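Structure first, commentary second.
Since every read-out is calculated from the coordinates, none of them should be taken as a lab result. Bear in mind that the values here come from a model prediction, so they are computed numbers and not experimental data. Cβ: placed from backbone, ideal geometry, glycine included. Neighbour counts: every protein chain shown.
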Amino acid sequence: MSIKNWLLPRSTVGIGLIAIALIALPFALATGGQAWVRIANFAILYVFLALGLNIVVGLAGLLDLGYIAFYAVGAYTWALLASPHFGLHLPVWAILPIGAACACVAGVLLGSPTLKLRGDYLAIVTLGFGEIVRIFMNNLNAPINITNGAQGITLIDPVKIGDFSFAGNSTIFGLTLSGPQKYYFLLVALALLVIVVNLRLQNSRIGRAWQAIREDEIAAKAVGINTRNVKLLAFAMGASFGGIAGGVFAAMQGFVSPESFSLIESVMILAMVVLGGMGHIPGVILGAVLLAILPEALRYGVAPLQQLLFGKVLVDPESLRMLIFGLALVLVMRFKPAGLWPAPERKAHGNPNPEEGRA
Amino acid sequence: MQPKISALALSVVAAFTLSACGQKEEVKPAAAPAPGAAQKSETLIRIGHVAPMTGPQAHLGKDNENGARLAIEELNALGLEIGGAKARFELLGEDDQADPKQGTTVAQKLVDAKVNGVIGHLNSGTTIPASKLYFDAGIPQVSGSATNPTYTRQGFKTAFRVMANDVQQGKVLGEFAVKQGARSVAVVDDRTAYGQGLADEFRKAAEAAGLKVVASEYTNDKATDFKAILTKIKSKAPDLIFFGGMDAQGGPMVKQMAELGIKARFLGGDGVCTPEFMKLGGEAAEGQYCSLPGQPLEKLAKGPEFKDKFAKKFNTGIQLYAPYVYDAVMVMADAMKRAGSADPAKYLPELGKTRYDGVTALVEFDEFGDLKGGAISLYQYKGGKLEYVETLGGAAAPATEAAKAETAPAPAVTPAPADKK
Amino acid sequence: MDIFLQQIVNGLVQGSIYALVALGYTMVYGIMGLINFAHGEVVMIGTLTAITVAGSLLAAGMPPALAGLAALIVATLLCMALGWGLERIAYRPLRNAPRLTPLITAIGMSIILQNLAMILWGRNYQTFPPLFPKVNFELAGVHFTAVQVIIVLLSAATMLSLTLLVYRTKLGMAMRATAQNPAVAGLMGVNSNRVISAAFVIGSALAALAGIMVGAYYEIAHYQMGFMLGLKAFTAAVLGGIGNLLGAMAGGILLGLIEALGAGYIGDLTGGFLGSHYQDIFAFMVLIVVLMFRPSGLFGEKTGDRA
């Protein structure tokens, strides 16, 4: 309900404020350095990824620990089609759909044999799939060099629309935009797209089917939902978004190597979804932004704080940073088990004991 | 009402966390002087250094940073003058966690801070994506440890390296294997950019020299168990096992070779030429070979002294790349001195023309920014110590001798630290 | 042939270690349906503690056997306390939370333990002190060491005693009852909190034992060693049918054998297309294939309807 209200005229003020904040943000950040715009970009990229995963985990209730695989497929698709590696330089409107399609195929490939598995079995299989994809990318440089192995692919083209390149500075309407700032707006646009898709799905027939499966698969089957196909669709949709995010990542970085797609990334994205509030779009956004920013913020906060408290730096700030990150995960789950910003709908629909069940 | 509030809350939280962080950062670079505006008696020269300070390679990252720190402190103690003003160097240490994504974020941070130059990164995997940012910003970058050839082959004029790359090293190792009388060899690599690159070059050189590669096996940079692949290698009975990878795998690997009764010798690159390898390999490390770019510290005029200085200052031994990182800083300072400016645009051309007699080598760059004629030295573990065997490849060995006589009275930008003490 | 036997020995030793760690996952999962992601870190803490204790006692001149025993006791006790604390602090308050909540907590605890270990023990690799005699045997061309023999024997003994504990003691009966149905077990006078604590404590003791074995075998330890080991062991537990003790043991041994034989022979079998670079995914591939045909693992009961 609440989300729908967002789009009603009543909360135009809210939307307006968000819009202003989103537009002003890259300029405010730039005063502190382009590095902060870049951090914001990664935060939005994570929002995008987390919302994609939210379709799978939050809406359909399928525990996917290998989401990064689709991101990797998208990134490599971009890298192979727009870099000197194969000498291909396809335009963005061709690569992004191809990347999404490849990731989608990967999602179906993974999904079709495994979706009948119970929750935790599915978790370990998807986790394994993520590793399989990474290891293949790491090794497909022989006998035929496809991915260039661990060396990665470099000199990847930036996003280009016509003659307008997203890399480097350019001036629009008398306003000078840096590369990261341009990517920022691209990412915000993409994030808005995935938010709209998420919203539309949530209240659609498919969305309700997903929720039915999430709450009780047997009952869902009993009322005539083709659970297998509907689950597969969730996987495919989530994977496509992962693929698009991967493409943008490759273009933004200009370099991809298998190192970027390790298991811990999948875990991070899942943590964002759960920490923020599964299935609740604003919650997932919050979770993604927090987890993407927290390590960076701690980078600056930890050492000065120790100075202040003990007069000297006792423990390496870098080691403390991850420690605090872990602690934050545990504490939030302890005191807000449904996430920082859980969906209010559950209560409204009169499910007093939302036992999503021990699988 | 509630939704409105939550919507607001989101935008406010998002905007504030972000901008708050942004402002905090603002304070720091405010002190940064415009490079080149050196009318005052003192110029502040800020040099960025990037290496992983967390994660499995943190010990190497710390070692690199120590090397850079030592150089910076010596430069400051020397009271170097650049363009008529006394130069004060400052090191901005950053952690890239050996993660390419962090690597570019940190690089952007250094670009924002308008550093005069960057030393690093440690890993090729982070150096390569970061080098694009430095190139776009025109900031010279000198790495003392990223040995992947790709780094200098991207056409970036700002990318330099003071260490022999994997191609140079792999080639020499292949030649050495033949010289040792090996006829058949098994090649193992850890599937990292470094290990794979080194092993591929080794394989090429070995095969070109008539060696038979009887097995190619693979592991990863987190593995501890190599028995399965070693058993397979045993069945092919090679004379030599070559490993492209790091000490944390190499050490246990030689141990497991001994346990399986494999008699073949073990040969590796700079990744296994560390005290750590000996510690982890124990008795099994005895008699094994490894290589280091450049010449042994002991053989170099300034080598033993550097070792002492380093040990005295940091209370710990040199892990691996510290001397190269030290040289990287010195080479950069040398170019600034010759250009009479710390402005990247002004001293970058000079960097390419470097001819600097450093701790590790006589540093000259080829057209790619790679170390010219990088010599590679081979060592053998004997009696719990690394023993120098020989130096191969490159004309650098005699050149160093000759160059010393030649350049001694000439620029000698940084007086040998000996003069100072 | 000797090469084949050697690979079997390699796999068996590795598999015994996986099996011991897998038991910890499976016990906790069987009783409360929770994937304790931090279990691998308990193994790591066990190894590092043993190194510190044994190392300092050896340096103080104690004979290796005594130092080893002391290290075993201290590490086991510490890990048991850690396991108890983990459950008490991190998991118990979440008993009725949504299913993914404790998973995230577990990941958080894993990060915390890793970084604590890094602060305590440093970032460098640690070497395990020489506690066991360095003896190499050779039998029909197969090489093995004393440590390998000890590992296989000790883990077999441990698994046997664990089986006895679960199937022949009162505590074991309580555990099985709680696993079947916590509410009914409670009505029968089983204190489910105590049973769950016991599962964590026993699992952690096994982790400590496994940690010492890993340390003694590879003579190397590091604060990040637990993660991959935990992951493999977890895979082993699922392969065998998670929640099933026999399954965990069989899954562990099987996984060890698959990895060793896979790395040894897949290259020749596929004409060099797949080689030992794919060693780490053989396990996952076999897992996917097994689960396609037996969705509850090799030894898992058919519990589909509880999903």
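Quick look at the numbers
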{"item": "GNM result for chain C, Cα springs below 10 Å: residue of C:106, C:174, C:146 fluctuating most strongly", "result": "C:146"}
{"item": "Volume of the Cα convex hull of region B:138-185, divided per residue and given in Å³", "result": "76"}
{"item": "Computed magnitude of the charge dipole of the protein assembly as shown (debye, nearest 20; Cβ of K, R +1, Cβ of D, E -1)", "result": "2540"}
{"item": "Cα-based shape type of region C:1-52, given that a ≥ b ≥ c are square roots of the gyration tensor eigenvalues and the cut on a/c is 1.5", "result": "oblate"}
{"item": "Column: log10 I(q)/I(0), Debye, Cα scatterers of region A:70-140, q = 0.14, 0.15, 0.21, 0.24 Å⁻¹", "result": "-0.51, -0.57, -0.91, -1.05"}
{"item": "Given charges at beta-carbon only (K, R positive; D, E negative), |dipole| of region A:34-262 in Debye", "result": "460"}
{"item": "Prolate/oblate/rounded label for the protein assembly as shown (Cα gyration tensor, a/c 1.5)", "result": "oblate"}
{"item": "Expected 222 nm ellipticity per residue - DSSP helices of 4 or more, -39500 (n - 2.57), all of the protein assembly as shown, to 500", "result": "-20000 deg cm²/dmol"}
{"item": "Most fluctuating residue given options C:27, C:292, C:118, as computed from a GNM of chain C linking Cα atoms under 10 Å", "result": "C:292"}
{"item": "Local electrostatic count at residue C:145 - Lys and Arg +1, Asp and Glu -1, tallied over other residues with Cβ under 14 Å", "result": "-2"}
{"item": "Exposure proxy order (Cβ contacts within 10 Å, fewest to most) of B:379, B:194", "result": "B:379, B:194"}
{"item": "Two-site FRET efficiency, residue C:62 against residue C:154, from Cβ-Cβ distance with R₀ of 25 Å, rounded to 0.05", "result": "0.70"}
{"item": "For region C:155-226: Kirkwood Rh in Å [reciprocal of mean 1/r, alpha carbons]", "result": "13.8"}
{"item": "Value of D in µm² per second that Stokes-Einstein yields for region A:104-171, Kirkwood Rh from Cα pairs, at 10 °C (1.306 mPa s)", "result": "104"}
{"item": "Neighbour-count order for C:32, C:225, fewest beta carbons within 10 angstrom listed first", "result": "C:32, C:225"}
{"item": "Candidates C:193, C:96, C:244, ranked by Gaussian network fluctuation over chain C, Cα under 10 Å, top entry", "result": "C:96"}
{"item": "Above-threshold pairs, the threshold being 32 Å between Cα atoms, out of B:179/B:236; B:309/B:385; A:231/B:222; B:62/C:134", "result": "A:231/B:222; B:62/C:134"}
{"item": "Sorted by Cβ neighbour density within 10 Å, fewest at the top, the residues B:216, B:124", "result": "B:216, B:124"}
{"item": "Residue among A:326, A:212, A:21 farthest towards the positive dipole end of chain A, charges placed on Cβ", "result": "A:212"}
{"item": "Residue among A:252, A:73, A:155 farthest towards the positive dipole end of region A:34-262, charges placed on Cβ", "result": "A:73"}
{"item": "Chain A: DSSP helices with Cα axial extent of at least 18 Å and average Kyte-Doolittle hydropathy no lower than 0.0", "result": "A:12-30, A:34-54, A:68-81, A:92-114, A:119-139, A:179-202, A:227-253, A:263-276, A:281-310, A:317-335"}
{"item": "Signed unit charges on C-beta, dipole axis of chain C, positive-most listed residue C:241, C:257, C:83", "result": "C:83"}
{"item": "Three-way shape label, region C:146-270, alpha-carbon gyration tensor, a/c 1.5", "result": "prolate"}
{"item": "Equivalent ellipsoid semi-axes - Cα gyration tensor, region C:2-293, angstrom", "result": "30, 25, 18"}
